[in-house]
Amino acid sequence: MNVVARRYANAVVLRVTGRLDQETCEVFRDDLTGQVDLCAREGTALILDFSGLEYVSSAGLRCLLIASRQMKAAKGRILVADMQSMVAEIFAISHFDLLFEVVPTVREALAAISAEAAAAFQRG
Amino acid sequence: MRIRFWGTRGSIGVSLTSADIRDKLAQALVQASGKTFASYEEAHDYATAELDFATTHTFGGHTPCVELEPGGDEYFVCDMGSGARPFGVHVLAKQAKKPATVNIFQSHVHWDHIMGFPFFGPSYVPGTKIRIHGCHDVLEHAYRLQQAAPCFPVEFDQLMASVEFVKLEPGKPHEVAGVTVTPHLQLHSGDSYGYRFEKDGKAVVYTTDSEHKLEDRHEAESFANFFRNADIVIFDAMYALAEAISVKADWGHSSNIVGVELCQMARAKHLVLFHHEPANDDETLEGLLREAQRFEELTRGDHALKVSAAYDGMEIDL
(Lines give C-alpha, C1' and ligand atoms only; values in the text may rest on other atoms or scores of the structure.)
Protein backbone atom coordinates (compact mmCIF):
# COMPACT_ATOMS: atom_id res chain seq x y z
CA MET A 1 0.00 0.00 0.00
CA ASN A 2 1.16 3.53 -0.75
CA VAL A 3 0.19 6.89 0.75
CA VAL A 4 1.01 10.27 -0.84
CA ALA A 5 0.07 13.63 0.67
CA ARG A 6 -0.46 16.85 -1.28
CA ARG A 7 -1.58 20.21 0.00
CA TYR A 8 -4.19 22.47 -1.66
CA ALA A 9 -4.55 25.77 0.27
CA ASN A 10 -6.21 24.83 3.59
CA ALA A 11 -6.68 21.15 2.73
CA VAL A 12 -4.41 18.11 2.50
CA VAL A 13 -5.32 15.31 0.10
CA LEU A 14 -4.00 11.92 1.14
CA ARG A 15 -4.02 9.56 -1.83
CA VAL A 16 -4.15 5.94 -0.68
CA THR A 17 -3.45 3.09 -3.09
CA GLY A 18 -3.45 -0.68 -2.62
CA ARG A 19 -5.16 -2.78 0.03
CA LEU A 20 -5.90 -1.66 3.57
CA ASP A 21 -6.12 -4.77 5.70
CA GLN A 22 -4.58 -6.39 8.76
CA GLU A 23 -1.22 -6.69 6.94
CA THR A 24 -0.99 -3.00 6.07
CA CYS A 25 -3.10 -1.20 8.63
CA GLU A 26 -0.37 -0.66 11.21
CA VAL A 27 1.87 1.30 8.85
CA PHE A 28 -1.16 3.12 7.43
CA ARG A 29 -2.39 4.04 10.91
CA ASP A 30 0.98 5.61 11.74
CA ASP A 31 0.99 7.58 8.47
CA LEU A 32 -2.59 8.66 8.96
CA THR A 33 -2.31 9.75 12.59
CA GLY A 34 0.83 11.70 11.67
CA GLN A 35 -1.11 13.52 8.93
CA VAL A 36 -4.04 14.16 11.25
CA ASP A 37 -1.64 15.65 13.84
CA LEU A 38 -0.18 17.93 11.21
CA CYS A 39 -3.60 18.99 9.91
CA ALA A 40 -4.82 19.64 13.46
CA ARG A 41 -1.78 21.82 14.19
CA GLU A 42 -2.11 23.78 10.95
CA GLY A 43 -5.89 24.01 10.95
CA THR A 44 -6.23 22.25 7.60
CA ALA A 45 -8.85 19.71 6.55
CA LEU A 46 -7.90 16.19 5.52
CA ILE A 47 -9.33 14.52 2.44
CA LEU A 48 -8.79 10.81 1.94
CA ASP A 49 -8.58 10.15 -1.79
CA PHE A 50 -9.58 6.49 -2.10
CA SER A 51 -9.57 6.31 -5.91
CA GLY A 52 -6.63 3.88 -5.72
CA LEU A 53 -7.82 1.91 -2.70
CA GLU A 54 -8.76 -1.61 -3.80
CA TYR A 55 -9.98 -3.10 -0.52
CA VAL A 56 -10.54 -2.18 3.11
CA SER A 57 -11.02 -4.70 5.92
CA SER A 58 -12.48 -4.16 9.39
CA ALA A 59 -8.96 -3.55 10.74
CA GLY A 60 -8.48 -0.83 8.09
CA LEU A 61 -11.83 0.72 8.93
CA ARG A 62 -10.79 0.88 12.56
CA CYS A 63 -7.71 2.91 11.56
CA LEU A 64 -10.02 5.36 9.81
CA LEU A 65 -12.22 5.58 12.89
CA ILE A 66 -9.22 6.35 15.11
CA ALA A 67 -8.19 9.14 12.73
CA SER A 68 -11.73 10.49 12.63
CA ARG A 69 -11.88 10.66 16.44
CA GLN A 70 -8.49 12.31 16.58
CA MET A 71 -9.62 14.92 14.03
CA LYS A 72 -12.92 15.54 15.81
CA ALA A 73 -11.07 16.10 19.10
CA ALA A 74 -9.02 18.77 17.31
CA LYS A 75 -12.27 20.20 15.87
CA GLY A 76 -10.95 19.46 12.38
CA ARG A 77 -12.66 17.97 9.36
CA ILE A 78 -11.99 14.72 7.52
CA LEU A 79 -13.67 13.70 4.26
CA VAL A 80 -13.53 10.56 2.16
CA ALA A 81 -13.60 10.95 -1.62
CA ASP A 82 -13.68 8.97 -4.85
CA MET A 83 -14.11 5.45 -3.50
CA GLN A 84 -14.02 2.52 -5.90
CA SER A 85 -17.33 0.67 -6.01
CA MET A 86 -16.18 -2.24 -3.83
CA VAL A 87 -14.79 0.02 -1.11
CA ALA A 88 -17.92 2.18 -1.27
CA GLU A 89 -20.02 -0.93 -0.78
CA ILE A 90 -17.94 -2.06 2.20
CA PHE A 91 -18.36 1.43 3.70
CA ALA A 92 -22.13 1.11 3.33
CA ILE A 93 -22.29 -2.51 4.57
CA SER A 94 -20.31 -1.68 7.70
CA HIS A 95 -22.31 1.54 8.22
CA PHE A 96 -19.14 3.64 7.98
CA ASP A 97 -20.94 5.92 5.55
CA LEU A 98 -22.82 7.14 8.63
CA LEU A 99 -19.59 8.05 10.44
CA PHE A 100 -17.76 9.83 7.62
CA GLU A 101 -18.49 12.66 5.25
CA VAL A 102 -18.34 10.82 1.92
CA VAL A 103 -18.17 12.78 -1.36
CA PRO A 104 -17.97 11.48 -4.94
CA THR A 105 -14.77 13.24 -6.06
CA VAL A 106 -11.68 14.94 -4.67
CA ARG A 107 -12.67 18.10 -6.53
CA GLU A 108 -16.02 18.19 -4.71
CA ALA A 109 -14.35 17.45 -1.39
CA LEU A 110 -11.99 20.40 -1.84
CA ALA A 111 -14.88 22.62 -2.89
CA ALA A 112 -16.64 21.64 0.32
CA ILE A 113 -13.61 22.87 2.29
CA SER A 114 -12.97 26.21 0.60
CA ALA A 115 -12.95 28.04 -2.73
CA GLU A 116 -9.19 28.50 -2.29
CA ALA A 117 -8.61 24.74 -1.97
CA ALA A 118 -10.78 24.07 -5.04
CA ALA A 119 -8.91 26.74 -7.02
CA ALA A 120 -5.53 25.33 -5.99
CA PHE A 121 -6.64 21.91 -7.20
CA GLN A 122 -7.85 23.40 -10.47
CA ARG A 123 -4.42 24.94 -11.04
CA GLY A 124 -2.91 21.48 -10.58
CA MET B 1 -25.35 -33.54 14.87
CA ARG B 2 -28.35 -31.23 15.11
CA ILE B 3 -28.34 -27.68 16.50
CA ARG B 4 -31.53 -26.17 17.82
CA PHE B 5 -31.80 -22.50 18.76
CA TRP B 6 -34.11 -21.87 21.72
CA GLY B 7 -32.95 -18.31 22.42
CA THR B 8 -31.02 -16.01 20.10
CA ARG B 9 -31.46 -12.48 21.50
CA GLY B 10 -28.81 -10.72 23.53
CA SER B 11 -29.01 -8.76 26.77
CA ILE B 12 -32.75 -8.90 27.43
CA GLY B 13 -35.73 -10.77 26.03
CA VAL B 14 -38.05 -9.05 23.58
CA SER B 15 -41.37 -9.97 21.99
CA LEU B 16 -43.44 -8.80 19.07
CA THR B 17 -46.20 -6.36 19.94
CA SER B 18 -49.71 -6.44 18.51
CA ALA B 19 -48.71 -3.49 16.30
CA ASP B 20 -45.74 -5.48 14.96
CA ILE B 21 -48.01 -8.41 14.05
CA ARG B 22 -50.56 -6.10 12.41
CA ASP B 23 -47.73 -4.51 10.35
CA LYS B 24 -46.48 -7.90 9.19
CA LEU B 25 -49.99 -8.95 8.21
CA ALA B 26 -50.56 -5.72 6.33
CA GLN B 27 -47.27 -6.11 4.46
CA ALA B 28 -48.14 -9.71 3.54
CA LEU B 29 -51.58 -8.67 2.29
CA VAL B 30 -50.12 -5.88 0.14
CA GLN B 31 -47.54 -8.24 -1.34
CA ALA B 32 -50.20 -10.88 -2.04
CA SER B 33 -52.60 -8.35 -3.52
CA GLY B 34 -54.64 -9.81 -6.41
CA LYS B 35 -53.73 -13.41 -5.62
CA THR B 36 -56.23 -16.00 -4.47
CA PHE B 37 -55.47 -19.16 -2.52
CA ALA B 38 -57.64 -22.25 -2.64
CA SER B 39 -56.36 -23.62 0.65
CA TYR B 40 -54.37 -22.84 3.75
CA GLU B 41 -51.52 -24.98 2.35
CA GLU B 42 -51.43 -22.96 -0.87
CA ALA B 43 -51.26 -19.70 1.09
CA HIS B 44 -48.61 -21.20 3.35
CA ASP B 45 -46.48 -22.25 0.38
CA TYR B 46 -46.80 -18.78 -1.15
CA ALA B 47 -45.75 -17.11 2.12
CA THR B 48 -42.77 -19.44 2.44
CA ALA B 49 -41.56 -19.06 -1.12
CA GLU B 50 -42.40 -15.45 -1.96
CA LEU B 51 -42.44 -13.28 1.13
CA ASP B 52 -39.48 -11.86 3.05
CA PHE B 53 -38.37 -13.60 6.22
CA ALA B 54 -39.06 -10.46 8.22
CA THR B 55 -42.68 -10.44 6.98
CA THR B 56 -43.47 -14.07 7.69
CA HIS B 57 -41.28 -14.75 10.71
CA THR B 58 -39.64 -13.14 13.68
CA PHE B 59 -36.09 -13.69 14.85
CA GLY B 60 -37.57 -14.18 18.27
CA GLY B 61 -36.93 -12.83 21.64
CA HIS B 62 -35.55 -15.40 24.07
CA THR B 63 -32.08 -14.79 25.46
CA PRO B 64 -29.28 -17.29 24.62
CA CYS B 65 -29.95 -20.98 24.80
CA VAL B 66 -28.64 -23.30 22.06
CA GLU B 67 -29.07 -27.05 22.11
CA LEU B 68 -26.65 -29.44 20.43
CA GLU B 69 -27.86 -32.95 19.69
CA PRO B 70 -24.67 -34.95 19.18
CA GLY B 71 -26.45 -38.31 19.40
CA GLY B 72 -26.67 -40.34 22.57
CA ASP B 73 -28.94 -40.01 25.59
CA GLU B 74 -27.50 -36.92 27.21
CA TYR B 75 -28.56 -33.36 26.40
CA PHE B 76 -26.03 -30.65 25.50
CA VAL B 77 -26.94 -26.99 25.77
CA CYS B 78 -25.03 -23.73 25.66
CA ASP B 79 -26.26 -21.12 28.14
CA MET B 80 -29.46 -20.94 30.11
CA GLY B 81 -31.01 -17.70 28.90
CA SER B 82 -34.79 -17.41 28.80
CA GLY B 83 -34.80 -19.91 25.91
CA ALA B 84 -34.15 -22.54 28.60
CA ARG B 85 -37.87 -22.50 29.45
CA PRO B 86 -39.08 -23.85 26.06
CA PHE B 87 -35.97 -26.06 25.93
CA GLY B 88 -37.08 -27.56 29.26
CA VAL B 89 -40.58 -28.18 27.87
CA HIS B 90 -38.97 -29.98 24.93
CA VAL B 91 -36.80 -32.13 27.23
CA LEU B 92 -39.77 -33.10 29.43
CA ALA B 93 -41.88 -34.05 26.40
CA LYS B 94 -39.08 -36.07 24.85
CA GLN B 95 -38.21 -37.86 28.08
CA ALA B 96 -41.83 -38.90 28.75
CA LYS B 97 -41.32 -38.90 32.54
CA LYS B 98 -37.90 -40.55 32.39
CA PRO B 99 -35.28 -38.38 34.16
CA ALA B 100 -32.83 -36.65 31.83
CA THR B 101 -29.10 -35.94 32.00
CA VAL B 102 -28.36 -32.41 30.84
CA ASN B 103 -24.91 -30.93 30.18
CA ILE B 104 -24.93 -27.14 30.29
CA PHE B 105 -21.96 -25.14 28.93
CA GLN B 106 -21.86 -21.66 30.35
CA SER B 107 -20.29 -18.83 28.32
CA HIS B 108 -20.42 -16.56 31.38
CA VAL B 109 -22.87 -15.73 34.13
CA HIS B 110 -24.35 -12.43 33.04
CA TRP B 111 -28.05 -12.50 33.73
CA ASP B 112 -29.25 -12.94 30.14
CA HIS B 113 -27.29 -16.22 30.04
CA ILE B 114 -28.64 -17.76 33.26
CA MET B 115 -32.12 -16.22 33.70
CA GLY B 116 -33.95 -19.22 32.20
CA PHE B 117 -32.61 -21.76 34.66
CA PRO B 118 -35.23 -21.17 37.41
CA PHE B 119 -37.86 -21.93 34.74
CA PHE B 120 -36.10 -25.00 33.36
CA GLY B 121 -38.69 -27.73 34.02
CA PRO B 122 -36.31 -30.72 34.30
CA SER B 123 -34.59 -29.17 37.32
CA TYR B 124 -37.82 -29.87 39.26
CA VAL B 125 -37.91 -33.56 38.25
CA PRO B 126 -36.38 -36.02 40.76
CA GLY B 127 -33.66 -38.16 39.24
CA THR B 128 -32.64 -35.53 36.66
CA LYS B 129 -28.90 -34.96 36.49
CA ILE B 130 -27.69 -31.51 35.55
CA ARG B 131 -24.00 -30.79 35.03
CA ILE B 132 -23.16 -27.12 34.61
CA HIS B 133 -19.79 -26.82 32.89
CA GLY B 134 -17.82 -23.59 32.83
CA CYS B 135 -14.53 -21.85 33.47
CA HIS B 136 -15.64 -19.17 35.94
CA ASP B 137 -14.97 -19.52 39.67
CA VAL B 138 -18.27 -17.72 40.31
CA LEU B 139 -20.41 -20.16 38.32
CA GLU B 140 -22.16 -21.83 41.26
CA HIS B 141 -22.41 -18.57 43.19
CA ALA B 142 -24.23 -16.88 40.29
CA TYR B 143 -26.70 -19.74 39.84
CA ARG B 144 -27.50 -19.80 43.55
CA LEU B 145 -27.69 -16.02 43.82
CA GLN B 146 -30.44 -15.59 41.22
CA GLN B 147 -32.62 -18.09 43.08
CA ALA B 148 -31.99 -16.59 46.52
CA ALA B 149 -34.70 -14.59 48.30
CA PRO B 150 -36.06 -12.05 47.63
CA CYS B 151 -35.40 -12.55 43.88
CA PHE B 152 -37.11 -15.91 43.37
CA PRO B 153 -39.52 -18.03 45.41
CA VAL B 154 -37.73 -21.38 44.96
CA GLU B 155 -34.27 -21.62 46.52
CA PHE B 156 -31.58 -23.42 44.55
CA ASP B 157 -31.37 -26.17 47.23
CA GLN B 158 -35.07 -26.90 46.74
CA LEU B 159 -34.53 -28.11 43.17
CA MET B 160 -35.31 -31.80 42.75
CA ALA B 161 -32.58 -32.51 40.19
CA SER B 162 -29.02 -33.21 41.26
CA VAL B 163 -26.92 -30.29 40.07
CA GLU B 164 -23.16 -30.57 39.70
CA PHE B 165 -20.79 -27.74 38.74
CA VAL B 166 -17.89 -28.85 36.56
CA LYS B 167 -14.89 -26.54 36.20
CA LEU B 168 -13.25 -26.64 32.76
CA GLU B 169 -9.84 -25.36 31.82
CA PRO B 170 -9.60 -22.94 28.89
CA GLY B 171 -7.62 -24.19 25.90
CA LYS B 172 -7.80 -27.81 27.06
CA PRO B 173 -9.98 -30.44 25.33
CA HIS B 174 -12.42 -32.21 27.69
CA GLU B 175 -14.38 -35.39 26.95
CA VAL B 176 -18.06 -35.06 27.86
CA ALA B 177 -20.35 -37.99 27.00
CA GLY B 178 -18.44 -38.78 23.81
CA VAL B 179 -18.02 -35.16 22.69
CA THR B 180 -14.71 -33.29 22.80
CA VAL B 181 -15.30 -29.84 24.27
CA THR B 182 -12.63 -27.12 24.23
CA PRO B 183 -13.26 -23.78 25.97
CA HIS B 184 -11.59 -20.57 24.74
CA LEU B 185 -11.16 -17.33 26.69
CA GLN B 186 -12.92 -14.31 25.16
CA LEU B 187 -12.91 -10.55 25.74
CA HIS B 188 -15.99 -9.54 27.74
CA SER B 189 -16.65 -7.86 31.07
CA GLY B 190 -15.76 -10.50 33.72
CA ASP B 191 -14.48 -12.78 30.90
CA SER B 192 -16.51 -15.13 28.75
CA TYR B 193 -15.67 -18.46 27.14
CA GLY B 194 -16.47 -19.88 23.74
CA TYR B 195 -16.80 -23.64 23.25
CA ARG B 196 -15.73 -25.86 20.39
CA PHE B 197 -17.67 -29.15 20.24
CA GLU B 198 -16.24 -31.99 18.14
CA LYS B 199 -17.67 -35.40 17.35
CA ASP B 200 -17.40 -37.79 14.40
CA GLY B 201 -15.37 -35.31 12.35
CA LYS B 202 -17.88 -32.47 12.82
CA ALA B 203 -17.12 -29.28 14.72
CA VAL B 204 -19.48 -26.64 16.12
CA VAL B 205 -18.21 -23.44 17.75
CA TYR B 206 -20.38 -21.41 20.13
CA THR B 207 -18.79 -17.99 20.62
CA THR B 208 -20.96 -15.32 22.13
CA ASP B 209 -20.38 -12.19 24.20
CA SER B 210 -16.96 -11.77 22.67
CA GLU B 211 -15.39 -8.53 21.47
CA HIS B 212 -12.56 -8.57 18.96
CA LYS B 213 -9.87 -5.92 18.85
CA LEU B 214 -9.27 -5.68 15.15
CA GLU B 215 -5.74 -4.37 15.12
CA ASP B 216 -4.46 -7.26 17.25
CA ARG B 217 -3.24 -9.84 14.75
CA HIS B 218 -2.35 -12.36 17.47
CA GLU B 219 -5.92 -12.20 18.83
CA ALA B 220 -7.40 -12.69 15.34
CA GLU B 221 -5.13 -15.67 14.66
CA SER B 222 -6.00 -17.22 18.02
CA PHE B 223 -9.73 -17.06 17.17
CA ALA B 224 -9.14 -18.26 13.61
CA ASN B 225 -7.43 -21.33 15.12
CA PHE B 226 -10.32 -21.83 17.52
CA PHE B 227 -12.80 -21.67 14.60
CA ARG B 228 -10.51 -23.64 12.22
CA ASN B 229 -12.54 -25.62 9.60
CA ALA B 230 -15.62 -25.58 11.85
CA ASP B 231 -18.87 -26.72 10.26
CA ILE B 232 -20.82 -24.08 12.19
CA VAL B 233 -19.70 -20.96 14.05
CA ILE B 234 -22.43 -19.41 16.22
CA PHE B 235 -21.10 -15.87 16.54
CA ASP B 236 -21.89 -12.76 18.60
CA ALA B 237 -22.92 -10.33 15.86
CA MET B 238 -24.82 -7.89 18.01
CA TYR B 239 -23.95 -4.76 16.07
CA ALA B 240 -22.99 -3.39 12.67
CA LEU B 241 -19.24 -2.83 12.49
CA ALA B 242 -19.35 0.97 12.80
CA GLU B 243 -21.48 0.72 15.93
CA ALA B 244 -19.37 -2.07 17.46
CA ILE B 245 -16.13 -0.14 17.23
CA SER B 246 -17.39 3.41 17.88
CA VAL B 247 -20.22 4.14 20.32
CA LYS B 248 -20.32 0.55 21.58
CA ALA B 249 -16.60 -0.14 21.74
CA ASP B 250 -15.63 -2.01 24.94
CA TRP B 251 -19.22 -3.21 25.43
CA GLY B 252 -17.96 -6.76 24.91
CA HIS B 253 -19.69 -7.63 21.64
CA SER B 254 -18.87 -7.99 17.99
CA SER B 255 -20.32 -7.45 14.51
CA ASN B 256 -21.53 -9.33 11.45
CA ILE B 257 -18.51 -8.14 9.42
CA VAL B 258 -15.90 -9.35 11.90
CA GLY B 259 -17.75 -12.68 12.02
CA VAL B 260 -17.31 -13.05 8.26
CA GLU B 261 -13.63 -12.09 8.38
CA LEU B 262 -12.72 -14.47 11.21
CA CYS B 263 -14.64 -17.35 9.60
CA GLN B 264 -12.91 -16.67 6.29
CA MET B 265 -9.53 -16.75 8.05
CA ALA B 266 -10.52 -20.01 9.73
CA ARG B 267 -12.05 -21.53 6.56
CA ALA B 268 -15.18 -22.29 8.55
CA LYS B 269 -18.18 -23.48 6.54
CA HIS B 270 -21.19 -21.76 8.03
CA LEU B 271 -21.42 -18.57 10.09
CA VAL B 272 -24.57 -18.10 12.16
CA LEU B 273 -25.15 -14.55 13.41
CA PHE B 274 -26.31 -14.67 17.01
CA HIS B 275 -26.99 -12.62 20.18
CA HIS B 276 -29.15 -10.10 18.34
CA GLU B 277 -29.41 -6.56 19.68
CA PRO B 278 -32.81 -6.22 21.46
CA ALA B 279 -33.37 -2.77 19.91
CA ASN B 280 -33.23 -4.22 16.39
CA ASP B 281 -36.49 -5.21 14.72
CA ASP B 282 -36.83 -8.10 12.26
CA GLU B 283 -36.21 -5.89 9.22
CA THR B 284 -33.01 -4.50 10.72
CA LEU B 285 -31.77 -7.99 11.58
CA GLU B 286 -32.56 -9.20 8.08
CA GLY B 287 -30.66 -6.18 6.75
CA LEU B 288 -27.61 -7.04 8.87
CA LEU B 289 -27.77 -10.60 7.54
CA ARG B 290 -27.93 -9.41 3.91
CA GLU B 291 -25.02 -7.06 4.51
CA ALA B 292 -22.93 -9.89 5.96
CA GLN B 293 -23.83 -12.13 3.01
CA ARG B 294 -22.87 -9.39 0.55
CA PHE B 295 -19.61 -8.73 2.40
CA GLU B 296 -18.81 -12.44 2.17
CA GLU B 297 -19.47 -12.34 -1.59
CA LEU B 298 -17.32 -9.25 -2.09
CA THR B 299 -14.37 -10.63 -0.13
CA ARG B 300 -14.60 -14.31 -1.05
CA GLY B 301 -11.37 -15.98 -2.11
CA ASP B 302 -11.29 -19.68 -2.96
CA HIS B 303 -13.47 -20.58 0.03
CA ALA B 304 -17.21 -19.90 0.17
CA LEU B 305 -18.76 -19.24 3.57
CA LYS B 306 -22.49 -19.69 4.16
CA VAL B 307 -23.96 -16.93 6.35
CA SER B 308 -27.25 -17.23 8.26
CA ALA B 309 -28.90 -15.43 11.14
CA ALA B 310 -30.15 -17.49 14.05
CA TYR B 311 -33.79 -17.26 15.11
CA ASP B 312 -35.70 -18.90 17.93
CA GLY B 313 -36.83 -22.30 16.65
CA MET B 314 -34.16 -22.59 13.94
CA GLU B 315 -32.65 -26.05 13.47
CA ILE B 316 -29.50 -26.96 11.57
CA ASP B 317 -28.53 -30.54 10.73
CA LEU B 318 -24.90 -31.36 10.12
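The values are calculated or read from the model by the stated rules, or taken from the named source; none is laboratory data. In this text, all values refer to a predicted model and were calculated from it rather than measured experimentally. A quick note on method: Cβ atoms are made from the backbone with ideal geometry, for glycine too, and the neighbour counts reach across all protein chains shown. The protein model used for the area step is the full one, side chains on, heavy atoms only, and it has no ligands, DNA or RNA in it. Shrake-Rupley method; radii C 1.70, N 1.55, O 1.52, S 1.80 Å.
Observations
- Any chance B:Ala244 is surrounded by fewer than 24 Cβ atoms within 10 Å (Cβ to Cβ) and either out of contact with any strand residue (DSSP E or B) (no Cβ under 8 Å at 6 or more places or on another chain) or at pLDDT below 95 (or both): no
- Taking segment B:142-162 as the range and being in contact (Cβ under 8 Å) with a residue 24 or more places away in the chain and over 23 Å from the mean Cα position of the chain (by Cα) as the test, the residues that pass are B:Gln147, B:Phe152, B:Val154, B:Leu159, B:Met160, B:Ala161, B:Ser162.
- Cross-chain or 6+ apart pairs with Cβ under 6 Å, segment A:51-72 first and closer than 16 Å to B:Ala220 by Cβ, then open to solvent by 40 Å² or more (accessible area, probe 1.4 Å) and in a helix (DSSP H, G or I): A:Cys63/A:Arg29
- Residues in segment B:92-110 that are of a type outside the set (Gly, Ala, Ser) and crowded, with 20+ Cβ neighbours inside 10 Å: B:Val102, B:Asn103, B:Ile104, B:Phe105, B:Gln106, B:His108, B:Val109, B:His110.
- Listed here are the helices (runs of 4 or more DSSP H) enclosed by segment A:7-124 that have at least 2 residues being within 14 Å of chain B (Cβ to nearest Cβ) and open to solvent by less than 60 Å² (accessible area, probe 1.4 Å): A:25-42, A:58-73, A:85-93.
- Restricting attention to segment B:189-218, the residues that are assigned to a loop (DSSP other than H, G, I, E, B) and either within 13 Å of another protein chain (Cβ to nearest Cβ) or within 19 Å of the chain's Cα centre (by Cα) (or both) total 10.
- The residues on offer are B:Asp45, B:Asp73, and the sole one that is touching a residue at least 24 places away in the same chain (Cβ under 8 Å), out of contact with any Lys or Arg (no Cβ under 8 Å at 6 or more places or on another chain) and open to solvent by 80 Å² or more (accessible area, probe 1.4 Å) is B:Asp73.
- Only one of the numbered conditions (1) closer than 30 Å to B:Asp23 by Cα; (2) at pLDDT 95 or above; (3) out of contact with any Asp or Glu (no Cβ under 6 Å at 6 or more places or on another chain) is not met by B:His275, and that is (3).
- Inter-residue pairs, beta-carbon under 6 Å, first open to solvent by 10 Å² or more (accessible area, probe 1.4 Å) and in segment B:111-134, second not in a loop (DSSP other than H, G, I, E, B) and not β-branched (Val, Ile, Thr), 6+ apart: B:Phe119/B:Arg85; B:Gly121/B:Gly88; B:Gly121/B:Leu92; B:Lys129/B:Ser162; B:Arg131/B:Asn103; B:Arg131/B:Glu164
- Once segment B:264-315 is narrowed to residues that are of a type in the set (Phe, Trp, Tyr) and either more than 14 Å from chain A (Cβ to nearest Cβ) or farther than 27 Å from A:Asp21 by Cβ (or both), the residue that is least open to solvent (accessible area, probe 1.4 Å) is B:Phe274.
- Taken over segment B:219-263, the residue count meeting the criterion of being in a helix (DSSP H, G or I), more than 17 Å from the chain's Cα centre (by Cα) and more than 10 Å from chain A (Cβ to nearest Cβ) is 6.
- Restricting attention to segment A:82-124 and to residues that are touching a Leu at 6+ places or on another chain (Cβ under 7 Å) and among the small types (Gly, Ala, Ser), the residue that is farthest from A:Leu46 (Cα to Cα) turns out to be A:Ser94.
- One residue alone among B:Glu175, B:Glu164 is among the charged types (D, E, K, R), in a strand (DSSP E or B), under 21 Å from B:Phe87 (Cα atoms) and open to solvent by 80 Å² or more (accessible area, probe 1.4 Å), and that residue is B:Glu164.
- For segment B:245-268, the set of residues classified as in contact (Cβ under 8 Å) with a residue 24 or more places away in the chain, of a type in the set (Gly, Ala, Ser) and in contact with a helix residue (DSSP H, G or I) (Cβ under 8 Å, 6 or more places away or on another chain) consists of B:Ser254, B:Gly259, B:Ala266, B:Ala268, listed by residue number.
- B:Ser308 of a type in the set (Gly, Ala, Ser), without any contact (Cβ under 8 Å) to a residue 40 or more places away in the chain and farther than 20 Å from A:Asp97 by Cβ: yes
- Summed over segment B:199-210, the residues that are open to solvent by 10 Å² or more (accessible area, probe 1.4 Å) and either in contact with a His (Cβ under 7 Å, 6 or more places away or on another chain) or small (Gly, Ala, Ser) (or both) give a count of 1.
- Cβ pairs under 7 Å, 6+ apart, first in segment B:269-281 and on the phi < 0 side of the Ramachandran plot and among the acidic types (Asp, Glu), second assigned to a strand (DSSP E or B) and open to solvent by less than 10 Å² (accessible area, probe 1.4 Å): B:Glu277/B:Tyr239
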